[in-house]
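The values are calculated or read from the model by the stated rules, or taken from the named source; none is laboratory data. Only a predicted model underlies this, so the values are computations on that prediction, with no experimental measurement involved. With ideal geometry, Cβ positions are generated from the backbone for all residues, glycine too; neighbour counts draw on all protein chains shown. Keep in mind that these areas ignore ligands, DNA and RNA; they rest on the heavy atoms of the full protein, side chains included. Shrake-Rupley method; radii C 1.70, N 1.55, O 1.52, S 1.80 Å.
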Amino acid sequence: MKEPKLQPLRIVSGWNVEWNLFYEVEPSEETMNYLDSSSLLHLNNYAGKVAINLEWRPENDVNGNYILRVIRLSEVKNKKGEIVYDGDWENLLFKLHSKNRLEVVSEIERVLLQF
């Protein structure tokens, strides 16, 4: 299998890519090494105070699924007095479980435009 490309996404202005390990692969025994990260994709929109996180759970399990979460961010001061952003993982704005990569892409792009 040749090295897959990262999944193309239409990311609009205002969003920051914190990390991207979301590859253009269908889940299978042969592609599980591309679905073995605790987080495949993480995007932040500090102005909108929202983040998008994508995982595959359980990791390395062909029977798993994508978990897409949209998280509200809040500003907090750290010990140095700097403003940092904390995610409210308990009260998600949106959550999707899916085995379908293209459905996940569609939902990510919908959320990107929404905030």
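Data table
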{"item": "Pairwise centroid distance, computed over Cα atoms, of the stretch 75-102 with the stretch 5-20, Å", "result": "16"}
{"item": "DSSP loop GluC sites (Glu not before Pro) with at most 10 other Cβ within 10 Å excluded, longest remaining stretch of the chain", "result": "1-81"}
{"item": "Within the chain, longest stretch free of exposed trypsin sites (Lys or Arg not before Pro) [DSSP loop, at most 12 other beta carbons within 10 Å]", "result": "11-78"}
{"item": "Computed magnitude of the charge dipole of the stretch 53-115 (debye, nearest 20; Cβ of K, R +1, Cβ of D, E -1)", "result": "80"}
{"item": "The chain: angle of helix 101-114 to the longest principal axis, Cα-based, in degrees nearest 10", "result": "20"}
{"item": "Under Karplus coefficients 6.51, -1.76 and 1.60, residue-wise ³J(HN,Hα) of the stretch 46-57 in Hz, glycine/proline x", "result": "5, 5, x, 6, 8, 9, 10, 10, 10, 10, 10, 10"}
{"item": "Dipole of the chain, positive direction: furthest Cα of Gly64, Leu41, Gly81, with charges on the beta-carbon", "result": "Gly81"}
{"item": "Only Lys, Arg (+1) and Asp, Glu (-1) charged, at Cβ; the chain dipole about Cα centre in debye", "result": "480"}
{"item": "Nearby lysines by direct alpha-carbon distance to Lys95 (threshold 18 angstrom, same-chain neighbours under 8 apart not counted)", "result": "Lys49"}
{"item": "Solvent exposure ordering (accessible area, 1.4 Å, most first) of Trp15, Trp56, Trp89", "result": "Trp89, Trp15, Trp56"}
{"item": "Among (1) 13.2, 36; (2) 14.9, 49; (3) 16.1, 52, the entry derived from the coordinates for Rg and Dmax of the Cα atoms in Å", "result": "(2)"}
